[in-house]
Amino acid sequence: MASSDVRLVTKSGGERWWENAVLYQIYIRSYQDSNGDGVGDLEGIRQRLDHLKGASGALDVDAIWITPFYPSPMADFGYDVSDYCAVHPLFGDLDAFDRLLADCHARGLQLIVDFVPNHCSIEHPWFVESRSSRDNPKRDWFIWRDPAPDGGPPNNWKAMFGGDSWEFDPATGQYYYHHFLASQPDLNWRNPDVRAAMYDAMHFWLDRGVDGLRVDAVQTLTENEALTDNPPAEGPTVKAKAGSEFASQQHINDIDWPDNIEIVRQFRDVTDDYPGALLLGEVYLLEHERMVRYYASGRGFDLCFNFLLVNMPWNADAFRNAIEPLHDLLGDEFRIANVLSSHDESRIATRFGPERARAAAILLFGLRGMTTVYQGDELGLPDGVIPNDRLQDPFALAGHGLSRDPARTPMQWDLGQPYAGFSTAEPWLPLATDHPGMDVAGQRDDPASMLAFYRDLIAFKRVSEPLREGSQRFIDDLPEGVLGILREAGNQRAVIFVHMGESRCEIAGWPGRIAIASDRNREGETVTGILSLEPNDAVVMALS
Ligand code: GLC
């Protein structure tokens, strides 16, 4: 599909380019290393743009989101920022960023950066000052509290990455609050100076011309000022992968505190100055009613990820329940960012099994809203197996939960080259697999490959009015295990069937033509009476 066919309204041409866009997530450490240090960088991304847009064989995605590339001691691999308005030398410099942005825009590719407002690094000068004395002007930029009468932490809150949420600072005799690692102190969003400084950081990147911000960990921005203890857990309201102590509490005082919404409205006030800039929320709440409040009726996020999708088993009812109520809550005006994988989750081909990876992709592209593709999933990469002596993820090293390293292994460009063409030096994490064909070079010109499949799905979503703009309705009374979704735009209709059940089935009453199928031999097939599907088959059909 040539880029001239793009009917997506771009930033310069309109305001809601992102509604039905395909967003490709780049985990910068693992995309492409350009300077031989085993870690990916900004120039590396620029050198590999042909994979994404504007070259023959490109995926032709609409936008990229790049994970943090800011100065950081890398305790949480960049999600511990020590300067919001600069580039870590490991990843390049501001000139390299500007070159990348210019090249993206020349190709019609939008670029989204990660904004990490909840916490910074213990090495950020703001925190260094804040901890230097109780009367430092920046003391109140973070959340400092006196010890409990027994000298212990001020309350029972637990950190998501394990242990207490409070770290004692012997020099000043108080505890500071951290939702994640102790080296990621939470900023005090009740302090207007913090807000002003963080809004300046947003302006810094938006003024440079970025097309939007993916905002990290929004649910954790503010807490109950009374520091009331959390009660024991009842329901699955938090990230399933969190440390067990964390999961043992109901996070009613430290997560999703109502003051968060006012801050999100202020984020929106900032981006209002930049027509078309996307505000994309990582609001990790597994209850739809709570998450949709962050759209603030059109004055908050443009889109939030539906994280229920990454927590679902391969089960049609489970997926329907993860999607349908949310769409009902959002109504027609708002869209969702659909996501099945990321740098924090197990990969699609491992979580569901390689035999289901294509059907999962059809589901992902069939859903109304933005489609997010995590780098490497377009090759069908599995999770890597990381030997203990190469573990990197602080979460795993602390022994509090599953490692996120397996989904963060280097992009596999060409297995015929050292380190699959990712780097000339030993990469920071090993490759996921050396299985022949698990690379871009091996798949690019093979019409039967996963890469060709993703390319075709992206092209189809671009031209299919029902998939792009269409309403979305789940179909009842289908055979056991089949998820069916009807998408309708004007007089054009498409249907998506994903067979998550265990035996062959037959579906009657949906005549049409198969446009895309997990079994590619079936594309073009005309269905007049019965559509039969094997387990793990999925199709997109244009209805007659
Ligand atoms: C988000 C990021 C994750 C990071 C955490 C803390 O959930 O996606 O990678 O560890 O925030 O910043």
Some residue of the range 448-458 being without any contact (Cβ under 8 Å) to a residue 60 or more places away in the chain, of a type in the set (D, E, K, R) and more than 16 Å from the ligand (Cβ to nearest atom): no
Which listed residue is closer than 30 Å to G509 by Cβ and either modelled with pLDDT under 95 or surrounded by 20 or more Cβ atoms within 10 Å (Cβ to Cβ) (or both), from R473, R462: R462
Criterion (at pLDDT below 95 and within 30 Å of D269 (Cα to Cα)) met by exactly one of E333, E289: E333
Selected residue (only one of N260, N338 is surrounded by 18 or more Cβ atoms within 10 Å (Cβ to Cβ) and either within 16 Å of the ligand (Cβ to nearest atom) or charged (D, E, K, R) (or both)): N260
Of residues in the range 496-528 being of a type outside the set (S, T, N, Q), in a strand (DSSP E or B) and open to solvent by 60 Å² or more (accessible area, probe 1.4 Å), the one farthest from S449 (Cα to Cα): A508
Options R504, R487; residue that is among the basic types (K, R), outside the structural domain of G331 (by TED's automatic domain parsing) and over 25 Å from the mean Cα position of the chain (by Cα): R504
Single residue of L181, L213 found to be within 16 Å of the ligand (Cβ to nearest atom), over 18 Å from D146 (Cα atoms), open to solvent by 10 Å² or more (accessible area, probe 1.4 Å) and of a type outside the set (S, T, Y): L181
Filtered residue count, the range 430-450, keeping only those that are over 14 Å from P382 (Cα atoms) and either surrounded by 21 or more Cβ atoms within 10 Å (Cβ to Cβ) or among the small types (G, A, S) (or both): 6
Subset of the range 285-310 (residues that are within 16 Å of the ligand (Cβ to nearest atom), in contact with a helix residue (DSSP H, G or I) (Cβ under 7 Å, 6 or more places away or on another chain) and open to solvent by 10 Å² or more (accessible area, probe 1.4 Å)): L286, L308
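If I filter the range 416-429 down to residues being open to solvent by less than 50 Å² (accessible area, probe 1.4 Å) and assigned to a loop (DSSP other than H, G, I, E, B), which single residue comes out as farthest from G36 (Cα to Cα)?
Checked the range 416-429; the qualifying residue farthest from G36 (Cα to Cα) is L429.
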Conditions (1) away from the ligand (no atom under 16 Å from the Cβ); (2) in contact with a Ser or Thr (Cβ under 7 Å, 6 or more places away or on another chain); (3) touching a residue at least 24 places away in the same chain (Cβ under 8 Å); number of the one not met by R462: (2)
Number of the exception - L187 against (1) within 15 Å of the ligand (Cβ to nearest atom); (2) out of contact with any Pro (no Cβ under 8 Å at 6 or more places or on another chain); (3) at pLDDT 95 or above: (2)
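Condition check ((1) more than 20 Å from S82 (Cα to Cα); (2) assigned to a helix (DSSP H, G or I)) across all residues:
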position: V128; (1), (2): no, yes
position: P137; (1), (2): no, no
position: D150; (1), (2): yes, no
position: F161; (1), (2): no, no
position: F180; (1), (2): no, no
position: Q184; (1), (2): no, no
position: W189; (1), (2): no, no
R493, sole failed condition from (1) closer than 22 Å to W314 by Cβ; (2) of a type in the set (D, E, K, R); (3) surrounded by 15 or more Cβ atoms within 10 Å (Cβ to Cβ): (1)
Residue among G151, G78, G163, G108 that alone is at positive phi, outside the structural domain of H343 (by TED's automatic domain parsing) and at pLDDT 95 or above: G151
Given (1) open to solvent by 10 Å² or more (accessible area, probe 1.4 Å); (2) under 24 Å from E282 (Cα atoms); (3) out of contact with any Asp or Glu (no Cβ under 7 Å at 6 or more places or on another chain); (4) modelled with pLDDT of 95 or more, number of the condition F365 does not satisfy: (1)
Tally of residues being surrounded by fewer than 23 Cβ atoms within 10 Å (Cβ to Cβ) and away from the ligand (no atom under 16 Å from the Cβ) across the range 341-357: 7
Output for the range 476-495, where each listed residue is outside any strand (DSSP E or B) and without any contact (Cβ under 8 Å) to a residue 24 or more places away in the chain: D476, D477, N491
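The values are calculated or read from the model by the stated rules, or taken from the named source; none is laboratory data. Keep in mind that this is a model prediction, so the values were computed, not measured. Quick reminder, even Gly has a Cβ in these numbers, built from the backbone with ideal geometry, and neighbours come from all protein chains shown. Remember, those area values only see protein heavy atoms, side chains included, never the ligands or the DNA or RNA. Shrake-Rupley method; radii C 1.70, N 1.55, O 1.52, S 1.80 Å.
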